[in-house]
Structures are given as C-alpha cells and as structure tokens.
1. Give me the one-decimal Kirkwood hydrodynamic radius in Å for region 498-573, with the sum taken over alpha-carbon pairs.
2. Going by average Cβ density within 10 Å per residue, which order do the peptides 839-852, 393-406, 599-612 take, highest to lowest?
3. Ratio of alpha-carbon Rg to the 2.2 N^0.38 Å globular estimate for region 348-482, to two decimals, please.
4. Where both residues lie in the chain, what percent of DSSP beta bridges are antiparallel, nearest 5?
5. Treating the angle as unsigned and between 0 and 90°, give the value, to the nearest 10°, between the Cα long axis of helix 587-612 and the longest Cα principal axis of the chain.
6. Would you calculate, for the chain, the mean residue ellipticity at 222 nm contributed by helices, counting each DSSP H stretch of 4 or more residues as -39,500 (n - 2.57) and dividing by all residues, to the nearest 500?
7. Please determine, in degrees from 0 to 90 and to the nearest 10, the orientation of helix 902-914 with respect to the longest principal axis defined by the Cα atoms of the chain, where the helix direction is its Cα long axis.
8. Just to check, using Stokes-Einstein with a Kirkwood Rh over alpha carbon pairs, what's the diffusion coefficient of region 1-160 at 37 °C and 0.692 mPa s in µm²/s?
Ligand code: PEP
Ligand code: MG
C-alpha cells in the first residue's frame, strides 16, 4: 500500500462529520448519502489535497491525485451506467468547491463538465432534446471558460445578448436549439480568441483544469476578503474540498425543475417549507436571479407528488440535523434529488423563533436552543424599523428579502459604497442584481436594493446573513448602473439621493422615513429567560436617568451597574447652578449652590430607584474634572469680546439717543443682547469673566490623570456630601413608601484605602442623619470603582473598606496600556489592528492577557480579605461576548453595559456558563 494520504472519498466512504477534511458541502453529501436520501452519486477531493497544491510554489497537483480521481470516475461510471467522455452515453459532472465553513458564492463551481463536440451528440441522442443539450453545452463553455480559463464573462454575455437581440428574444427561454448551438459556436470562438487555444475536448483534461480552478479560488480576492471580514482563520477553515457529482438536470422539460428551499422561513422562522423553484431550469438560474422563480407553495398544485416528497424531505432533514436546513434540489423527469444541504442562515428574529419552537417540538434541548444563536446576532433585533404611523407612499415595491429598515444615499456600485461608507456616510447599494464580487459594498452599506432576483438571490442571502435590510427584485425600478440613475415611472433617482428601504415589506421610499426602536417579541423574552436561568453572571445596565432606567428594564437588565451622576448635571436647567457651584469662592457659597442641586438629584435617584425596584442601583459619585462643566476657553474669550463690544455700542447709542441698527456690528450686538437672559450687560460680563478666570485656574495638562473622581470628593467634600445625601434621602423616601430599594454608593478613581475611608466617613455620618430624620432604616452598600492600576495592586486592603468592586475597564485599559482613551482610537489603534500588533481595540474588547490578568488578581486578593465581595464590570467591554466569557471565567458577579447590549450580554452570559469547560486562558 502506498503511504500517500488518501485524497478522494466516495460519498459512501466519507465521514459526514469531518468538515475539515471534506468541507461542509462534501461532508453533507456523504452524510445525506449515508442516511439514505436520494443524492446523485459522486466523490470528494479533500482539503488536504488543496493545501498540498497551494503549498507547492509551482502549483503542481499532489502526486497520484489524478490517478485516484480517475479511479473514482470509473466507479461513478459504474454507478450511473454512463461513460465519462463516452459519445454514446456521456456522464456529465458538476465540480463544486466547499470548505469547512460555508462561504456562499465566494468560490467557483462548474456544471456540465464532460461535454465536448462528441459527447454533445450523445447527449442529444440520449435525451432526444437538442435544445436542452445545446443549452447545457453553451452554459458549460461559458462557465468553464470563465472559471478555468479566466475568460472575462462579458465577452460571452455580449455574444449571447447579440443573438438574443437579433431574434428578438426577451429571455434565454425564447431561444431555440439553433440559436443555442450558434451561441455555443460563438463561445468556442471567444475562448479560442482569448486564450489562443481551442476549447479542451479531453474530458479528463477538463476535470483537471476544473479541480485546479476550484483550488485556486480559495486564494481568490473574493474568498480572501470574505474570510478576513468574517474572521475565518485557518483553524476554522483551511483550504477547499472539491465535490465531483454526477449531473442531474432540472431543465429536461416540464416534468423537471430546480429549486432552493429552507425547512423553515429564514426571514420569520415560521415552521413551513419556504423556497422557490423554476420549472425546466438549471440551478444557476435560481441563484443568479436571471428568471424570477415561483414560491414553492405553488408546487402543491403544479407537481403535487414532488411537493409531497419535498415535505417529507424537509422532515427528514430536520430530524437528522436538528437544525433548520437550507437545501438545493433538482427534479429530473419526475425524480427528486437532494443536491446539498447546510444549516440555514437566518436573521435574528428567525433564529430566536426557531430556537424556541424547535425546543418545544422536542427537536433540540434548551442548551442547544441557546447555543445555536451567536450573542452578537441579536444585535439585529435592536435595529430600527419604520415608524408604524408612517404613511408615506412607496415609490416601488420589491420582495421583502431581509428585514429591518434603512435610509441612505443611493450608490450604484460596491466601490463607491465602500468609499462613501468609509467617510461615515450612510449609503444604500442599488444594483440590478448583486454578485459575489460586490461583497465589500454590502459591508459598507446600510441596506441593499436590487431590481432583479428572488428571495434566494445572492443579494438576499448575503444581506440576511449580515442582518442588513434588503429589498430584492423591485422590478418597477429601472436601474441603469452605467448612467448612475434609477428610474421609477416619472421619478429619476440619482446617485446621492436619499431613499429608505423596508426589508420587512419590500417597500422603497424616496427620502428619509421615520424609524422606531425595536420591541421584544415573546419568543425573545422566552429565550432570554432560559438564558437567565442558566447564566451565573448577572447582567446590569449602565443608565443615568429615569428614562434610561426604564429602557434598561425593557431590555431585561437585572439592575443598574453604573449611574454616572454627572450626566444629571449636564441638563440645561441645572447647568447654571452647577456653574454657580464651581465659581463659588467660599465653602458657604458652594454649599448654597449645592443646596439647590440637592432636590434635583434626589428626585432623579428616587425615580430611578422606583423604576428599578427591587433591583440594585449603583450610583457613582461625581467623576469628571469640574472644568468639563464650563465652556471652553476660546468660547468664553469670544463671548466676552462680544459683550464688551455690546457695552460700547449701547453706550454710543445712548449718547446719540438711537436704537440698535439691524445690520452689521449692530446685529452682532443684538444677538449678544438677546443672550443676556434678564441679566444686565455688566452682570453677564462679570459672570463670563469669572468663568474664564476659573477655566484658566482649573486648566490641567493631563486632565484624565488630574483633579477628578475621589480627588474632587476630598478637595470639595461638599459635592460628595450633597450627592450622598441625595442618594440616601431618595432611598429613605422609597422605604417610607414601601418601595424595595437597593442602593449602592460607588467611589470613582480610588487608588488608596485611605481615600475610601475618607468618603466612607461622610457616608456614615450622613446615613445616621438621614435615618434619624426619616425615621426608617435605609439600606445601602458602599464600594469602589477599580480603574486605577494601584487599586488592583491594593485590592486586599481596599476590600476591607469596600463591600463591592466594579471594574472601570475604560480607565483601567487606558492606564494599563498608557493609551489615551480619547485619542488612541483615531490615531494609531487602527494601524495597530491592521498590522496585527494588537488583535482588537482594547477599549471595545477586553485585553484579557494584560487588563484581564490584573482583574483576575484583583478579584482573588479582594475576596481573600472579604469573601463575599461583590464584583462587577461597568466599562464598555462589559457588553462584549468574548469579554463576558472572560468575566465569567474569573468569577465576577455581574457585567454592566449599555441598555441595547443587555440582551446580547444575557445570552453571552448563558453561553459562558454552558461552554465554561472549553474556555482556555493563559
Ligand atoms: C470606566 O472607566 O470604565 C468607567 C466605566 O467610567 P467612565 O467611562 O465614566 O470613566
Ligand atoms: Mg472611569
């Protein structure tokens, strides 16, 4: 026996579970064969063969590979009773790529391989259908020419269109055998002219060239871009397999058809067969959107027997795979073949619904129901949709191909979409139809609109996979990509015009339409309920106002992990009082301003506690440097100038006894006058000058490392005291009203236990006062942010004072890397990511090896001195699934993130628990 690896497996031989070796499609063909589905016979050339070929600098096929292939062709001949290259009874095959991960449309496929001038005649004799045979022949020449011989597609298209135009054919269905034969001749000529050689007649040479082309397509630009975008690294999928399958024909007459179907509706998740088919057609017609297919339900009338078989196939597929399947089928003269099946790509609402329903049907258990949905996928549920009250008249309507709504400027090609998208513009990619090479345009666009093609066209499938809204086949729109216009009746839309598409209804509107926030469906609530039962980590939200708190609750937050109190100060009605407090020259004057702020903050806390009752609410005491509440220096200088000017103008006019002129400097002065809001010019000037002096006095070279957080609380104790009082009085009121309240007072920027003790002393004193005044017991907990490296190193000592820790990983990442969180992301971080110096942006994804390590030590030391220390995270990374996994691993009690990420975090927390055994961290 040879010690060469085995490179080729018959479908009966291959291990259906080995996607790495056989690719997803190949493994499935083996699996389907094994479970007795009617699959056309064939074999798989392994990904190992592909890798060996790609590793050879001269791109030679691995030794012995083609001998093995010949042997398997012989077996295929025996199974089908046909001969490869046999003019009397020709065997034709399809040659398809297929890697471990499905990459729809990214690599190449060749159909009808094995045709040449002689076998063509055999096919005609065999089928008695010259039209069909010539059609297969011309398709093969074009596809093989494009894929294996690199002849530009347009060269064929031009010749084909010319023939169609000459005979007045609107579609290729209008062409007869003679025209198709003429097209084939023309195509042979195109190949000869372009390559300088005749089209290969030897069927084995055809097969070898096709295998090489498929292997090469793994390194093609489209495929490489796709892998980069979806982070498909070699450990996930390495190389493509090649599937060689005996052809079956859906275009052998009216009792033949071809189609694609999902075992459930991929847009809604509804439990019914969903798909499209075309009678007397070949698979590529459906996928390319050349003819608009019929909904599968019509088959119930048109081909009732086949329809029944399809329903049966759907059952068998789901029972076997326990997952929604996306399958291709062909009916050749009344016989149904299943050509491929894979897990269906669905949008988030459909994933959620099918998870819940399949669990109820007993197809999967809860663990599987949770694990089959990627947490990030839920993001789609947070998409806006059109305001139901919107009554705009649609400009056109196509197929609702991928739900959600989007507005943006029209662009007619993927490159423009990418260029404008990069500048932050919202664009809608508008095409007649899309092709795999448009993929970068999909990434950049808010949504996709095509004028041709069905719900399983390329545009629809890719958009659904990405969760972007898509309207497909809006045939009322005439898209002229060259002229860069889209015409709908009288309306001409040009590049740059704004449109809105609604992928849930298929409507297209001119201009921007109003949108609303999404709501949760019952199924999502059920699924997330299961997630909460499984998860050990709690999920809270970062919320600063009562309205935020309500939203957080709607998203299922189990508390508030961070209430940034400074956001309350920014309210326009309060800012002047905050400014008074900052400008105060004495503690008494400051106390007077704070006295006015106290009821406002108390009211806010009371309302937040009430909304969240009985859940915990972590209130963080003032954090940012106080100069942030004052205008910028340049602004103040300008305003002071204007006021001085106004003062002079008014004085001059008073001397002359005149009013302000309406133009020139007078208008400027009038504006300044209007901004005085009841103050005299002198008063306004004095206040602005006071602010300017304060801004200059407070200026710091490094405000991020400056006078902020607990340092403010120690230098201006009145501020923290007011806030502590507001929290405790609000809590006391809740207790009095019978509202369960669980407030947590949190101190930011702490680096020593002494700081914490200092603030704790205020809390104890005020707490005693509040309880005395209110006559009730007021519960609270006292804790600290951990966002300073020293705090991590002193965790044990801090935990003697703090009852809880909350990691502020925004600041902690800044401090650990010494990267300014304000600047790094638009300066060097993108390049760092591009060059692979850093895998991720540490302000988005927790750097587990550096920041994470610090956190782990902190938790360990903190709990050593206080075993019941509660620990959470409230930096941005708290809403990121991979970071959540790490937080679970180091034993945090909860994560806290922005409200819309709460559902994602809940599911991620469940995943972290369910997959904890697999987690590796070094
Ligand atoms: C943090 O630093 O992670 C944090 C939550 O606080 P802020 O972003 O307000 O500084
Ligand atoms: Mg911080």
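1. Roughly 15.7 Å, rounded to one decimal.
2. So the peptides 839-852, 393-406, 599-612, ranked by packing, come out 393-406, 599-612, 839-852.
3. 1.16
4. Here the share of antiparallel DSSP bridges comes out near 60 percent.
5. Approximately 40 degrees, to the nearest ten.
6. When only DSSP H runs of four or more count, the value is -14000 deg cm²/dmol.
7. Helix 902-914 sits roughly 70 degrees off the main axis of the chain.
8. It comes out at roughly 190 µm²/s.
Throughout, read-outs are computed from the coordinates displayed, never taken from laboratory work. From a predicted model like this one, the values you see are computed outputs, not experimental measurements. Note that we place each Cβ from the backbone using ideal geometry, even for glycine, and neighbour counts take in every protein chain shown.
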